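S.K.: Okay, here's the structure, questions in a sec.
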Protein chains: 2
Amino acid sequence: MKSQQHCGLIESERFLRDFPPTRRYLIGVSGGRDSIALLHLLVDLGYNKLVVCHLNHQLRGRESQRDARFVGKIARDLQLDCEIGSTDVGALAKQSKLSIETAARFARFAFFVEAARRRRCTRIFLAHHADDLVETALLNLFRGASPGGMAAMRNISIHRIGKTKLTIFRPLLGVWRSEIDSYIEQRGLKFCEDKTNRELGSSRNRIRHRILPYISKTFGRDVSKAIWRAAAIWVDEESFLEVMTPVVGLRLNVVELCKLAVPLQRRAIVGWLRLNRVPNAGFDLVENVRSLMEPSSLTSKINIPGDRHVRRRAGKIFVE
Amino acid sequence: MKSQQHCGLIESERFLRDFPPTRRYLIGVSGGRDSIALLHLLVDLGYNKLVVCHLNHQLRGRESQRDARFVGKIARDLQLDCEIGSTDVGALAKQSKLSIETAARFARFAFFVEAARRRRCTRIFLAHHADDLVETALLNLFRGASPGGMAAMRNISIHRIGKTKLTIFRPLLGVWRSEIDSYIEQRGLKFCEDKTNRELGSSRNRIRHRILPYISKTFGRDVSKAIWRAAAIWVDEESFLEVMTPVVGLRLNVVELCKLAVPLQRRAIVGWLRLNRVPNAGFDLVENVRSLMEPSSLTSKINIPGDRHVRRRAGKIFVE
C-alpha cells in the first residue's frame, strides 16, 4: 500500500475519512478481484461492521454457486455478517427484454435495497474503479447519453426507492485496475475469476478490450486518463446542474419551463418523464417535449411508447 | 435541397432566419467542398454582401496558389468582394512549436480578425459541419479537455481580440458531410480537393478515418449521431455554466472562490489563468490551484511554465 503504484488507493483512504469505520455499512461483493480488494482494504482500515452482500446471478450454473459459497466463507473468515441472494438473471433479461448486463444491474440493485431494508442500513460500498468510470463514460457517449447521462458513476450517489433511501459509496473510482491487481498480488488475496468478463459479448467488454486499446494505439498514448478527467468534470457539473434544476410536478407549467436555461429545461423534462413513468427518455424525446414549449409549435401532441401521448393544453404539458 | 437527404440543410436555413441576408458578412472559404457548399447555400438564400475570405497556408506550394486563384475566381463569378491573405503556416508551426493544424487555426483566426477590421464587419460564417463537431468532441475528450473544453464548436461564438469582437456563425453544425456531398453533386459545384484531408497525419484524420469507423463497426451502428447529440448538450451546458461563472480579476479572492460550486470554481480559475497569460490550463493545473483554496493545504506555491508560480498569500491567489 505504500508503493507508488497505489497512489489511487491512498486517495480512497482520504475519501473514506468522512465515513467512520465504527458505523455499519453494506458492501457489494461479487467475489471478483475488485470487490475482494475493496473488502480487504475496508477491513484493514477498521471497518468491522460490514455486511457482505452477494447476489448469485445464476448465469454460470455450478460456478455461480461456487462463487456464492466462496464469498460466504470469506465473510465468515473475516467475522462479518453476510447476505446471499439469488436471482435468475437470464430469465429476467428474457422477460424484460433487457441485455444480460442491464438485467443483472437491476437485479443487484433490487437485492441491495432488500438487504438495506432487512439490515436497517442504507449505506453500501461498491467496488467500481477508474477503468469502470472510463468505460461507462464511453458507453454512455456512444449510446447517446441523455442530458446528465455522462455522469453515471459518482463517489457518492443517493437513490430513493419507495420509502427506502440507498446511498452508494464508490471509494475506488480513482483507482486503476492495474493498482487493484498489484494490491491483490502483494496481499496474496484469493478471488473468483469471472469468465464473462473475458468474453467480448457485452458492449462494455468491447470498449475495454477493443476500443480503448485501439484508440490508445492510434494516438500512441493511454487515453484513459484523459477520459477519466473529463468524466470527473462531468460528475461535478451534473451535481451542480441537478441542484439548479427545479423539482416538477406531474404537469409541466410552460411559462415556468421557458424561464429556465436550456440545460435545466432538459433536466426538468427528464425528471418529469421519470415521474410519469416514461422509460428511456433520450435526447430526441426531450427535445420533442421542449418543442411543445414554443408558442409557434405546429404540433401539440407527441406519441410515446405504450400507446401514450405527451400533450400541451392550456399552458400545461402532460402525459395521458 | 428538397430531398430528404438534406434535412440538415433545412435546419441551417431555419438557423439563418435570425441573420438578415441584407447585412454584410465575412465567410471563410478554403475552396474545399464544405465552404463551397456553404457559400452557394448563402448566395441562394440572398446573401449578396458576403466578403469571401481565403488564407493561403503555403503548405502545398503551387497547389496552394491555385486554390487561392480558384477562390478568387468564384468570388468574382458570384460578384462578391474577396480578401486573399497568405501565411507561411509551416514556418509558424516550427517557430511556435505547434502542430500544423493548430498553427493553421491560429493563422486563419488572425487573418479573419484582420479582414474584420479592414472591412469593418465583425460577423463571419464558417463551414464547420456535424462531422467536424463529432471529431472535435472526441479529440478534446482523448486529449483531456479542460472544464468547458468539450463544447468547442458552437452555432454562434463570440471572440474578443483586443478591441475587435469577432462573431462566428456556423450554420452547418447540424449538416453531415454526406449531405454536403450530395448537395455539391446535385448542384454540380466545383471545389478544390485538399489532399492533406486524406492523409492520416493529424489526430483529427485518425479520428475520422480510423477511430470512428472502428467504433461504429464494433458496435454495429453509426455512433456519430449519438456523439453529436452529446456534443449538442455540452454546448448548451457550457453556455449556461459560463454565464453562471463570475468574472475574476488578476488576483483570486479565496473566500469568494470557496462560495462557488466546483464547476464554477474551475471555470473561474481557467478564466483567471488566461487573464494571467498562463497557456494550456489543463485539468491538473486547475485542480492544483483549487487545492490552494483549502485552509489545510500543505503547499502555498505551484510551479507553472515560464519560471512563474501560483501563490496563495493573505486570502488571495495570484501569479508571480
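S.K.: Using helices alone, what [θ] at 222 nm do you get for chain B, with -39,500 (n - 2.57) per DSSP H run of 4 or more residues, divided over all residues and rounded to the nearest 500?
M.R.: Values: 13 runs with 156 residues, N = 320.
For chain B, the value works out to -15000 deg cm²/dmol.
S.K.: At a Förster distance of 25 Å, what's the computed FRET efficiency of residue B:275 paired with residue A:11, Cβ-Cβ distance as r, to 0.05?
M.R.: The pair residue B:275/residue A:11 has a calculated efficiency of 0.20.
S.K.: Continuing with this model, one more query. Please report the spacing between the Cα centers of region A:117-161 and region B:91-148 in Å, no decimals.
M.R.: 36
S.K.: So, one more: Taking Cα atoms, how many degrees apart are the long axis of helix A:262-275 and the longest axis of chain A, rounded to 10 and kept between 0 and 90?
M.R.: In chain A, helix A:262-275 runs at an angle near 80 degrees to the longest axis.
S.K.: Please state the equivalent ellipsoid semi-axes for region B:1-115: what are the square roots of 5 times the Cα gyration tensor eigenvalues, largest first, in whole Å? Intermediate results must be reported in sequence, preceding the final value.
M.R.: Numbers: eigenvalues 160, 49, 39 Å².
Each semi-axis is the square root of five times an eigenvalue, giving 28, 16, 14 Å.
S.K.: Hey, got the dipole for the protein assembly as shown? About the Cα centre, +1 on K and R Cβ, -1 on D and E Cβ, debye to the nearest 20?
M.R.: Rounded to the nearest 20 debye, it is 740 debye.
S.K.: I want the antiparallel fraction of DSSP beta bridges within chain A, as a percent rounded to 5.
M.R.: Numbers: 16 of 31 bridges.
Taking every DSSP beta bridge within chain A, about 50 percent pair in antiparallel fashion.
S.K.: Okay, moving on. Report, for residue B:49, each distance to the same residue's label point in the other copies, shortest first and in nm; define the point 7 Å along Cα→Cβ.
M.R.: Spacings between copies for this position, smallest first, are 7.5 nm.
S.K.: Also, I was wondering about something else. Just to verify a number: what accessible area does residue B:208 come out at with the full protein assembly present, 1.4 Å probe, Å² rounded to tens?
M.R.: 40
S.K.: While we're on this one: Give me the accessible area per residue for chain B, probe 1.4 Å, as a whole number in Å².
M.R.: Computed with neighbouring chains in place, this is 50 Å² per residue.
S.K.: I've got another one for you. PRE reach from residue A:242 (point 7 Å along Cα→Cβ): which of region A:169-190 fall under 18 Å by backbone N?
M.R.: A:169-174
S.K.: If you don't mind, another one. Ignoring ligands, DNA and RNA, what percent of the 1.4 Å accessible area of region A:126-174 is carbon and sulfur?
M.R.: 48
S.K.: Quote the accessible area belonging to residue A:267 in square angstrom, nearest 10, computed with a 1.4 Å probe and with ligands, DNA and RNA left uncounted.
M.R.: Accessible surface of residue A:267 is approximately 20 Å².
S.K.: Put +1 on the Cβ of every Lys and Arg and -1 on every Asp and Glu Cβ in chain B; which of B:309, B:188, B:134 then has its Cα farthest towards the positive end of the dipole?
M.R.: The Cα lying farthest towards the positive end belongs to B:309.
S.K.: Still on this model: With just the Cα atoms defining each centre, how far is region A:250-264 from region B:261-281? Give it in Å.
M.R.: So the separation of the two Cα centres works out to 31 Å.
S.K.: Next up: Taking chain B as the reference, fit the longest principal axis to its C-alpha atoms, fit the long axis of helix B:130-143 to the helix C-alpha atoms, and give the angle between the two in degrees, 0 to 90, nearest 10.
M.R.: 30
S.K.: How would B:310, B:43 rank on accessible area, largest to smallest, probe 1.4 Å?
M.R.: B:43, B:310
S.K.: Quick check on the protein assembly as shown: of the DSSP beta bridges with both residues there, what percent are antiparallel, nearest 5%?
M.R.: 50
S.K.: Express in nm, to one decimal, how much length is gained between residue B:40 and residue B:94 on full extension, taking 0.36 nm for each residue of separation and deducting their alpha carbon distance. Before the final figure, lay out the partial values.
M.R.: Numbers: separation 54, 0.36 × 54 = 19.44 nm, distance 3.57 nm.
Extra length from residue B:40 to residue B:94 when fully extended: 15.9 nm.
S.K.: Under a plain spin-label model, where a point goes 7 Å from the Cα along Cα-to-Cβ, how far apart in nm are residue A:49 and residue B:182?
M.R.: In this crude label model, residue A:49 to residue B:182 measures out at 6.5 nm.
S.K.: For the pair B and A, how large is the buried accessible area, both sides, in square angstrom to the nearest 100, if the probe is 1.4 Å?
M.R.: Adding both sides of the contact gives about 3700 Å².
S.K.: For labels at residue A:250 and residue B:284 in the simple 7 Å Cα→Cβ model, what's the distance in nm?
M.R.: Distance between label points: 5.4 nm.
S.K.: Let me ask something else about it. Could you pull out the pairs from A:97/A:225; B:73/B:163; A:49/A:190; B:259/B:301 whose alpha carbons sit more than 24 Å apart here?
M.R.: Over 24 Å apart, Cα to Cα: A:97/A:225; B:73/B:163.
S.K.: Sorted by accessible area (1.4 Å probe), largest first, how do B:96, B:224 line up?
M.R.: Heavy-atom accessible area, descending, gives B:96, B:224.
S.K.: Among A:171, A:72, A:115, which residue has its Cα furthest toward the positive end of the charge dipole of region A:61-205, with +1 on Lys/Arg Cβ and -1 on Asp/Glu Cβ?
M.R.: Positive-most Cα among the choices belongs to A:115.
S.K.: Can you tell me the 0 to 90 degree angle between the C-alpha axis of helix A:283-293 and the longest principal axis of chain A, rounded to 10?
M.R.: 30
S.K.: Hey, another quick one. List the distances, in nm and shortest first, from the label point of residue B:114 to the matching label points in every other copy, placing each point 7 Å from Cα along the Cα-to-Cβ direction.
M.R.: Reported distances to equivalent positions: 7.3 nm.
The values are calculated or read from the model by the stated rules, or taken from the named source; none is laboratory data. Predicted, not measured: the structure shown is a model, and the values here were computed from it. Glycine also receives a Cβ, built like all others from the backbone with ideal geometry; neighbour counts cover every protein chain displayed. Ligands, DNA and RNA are stripped out before the accessible areas are found, and what is left, the full protein with its side chains, is counted by its heavy atoms. Shrake-Rupley method; radii C 1.70, N 1.55, O 1.52, S 1.80 Å.
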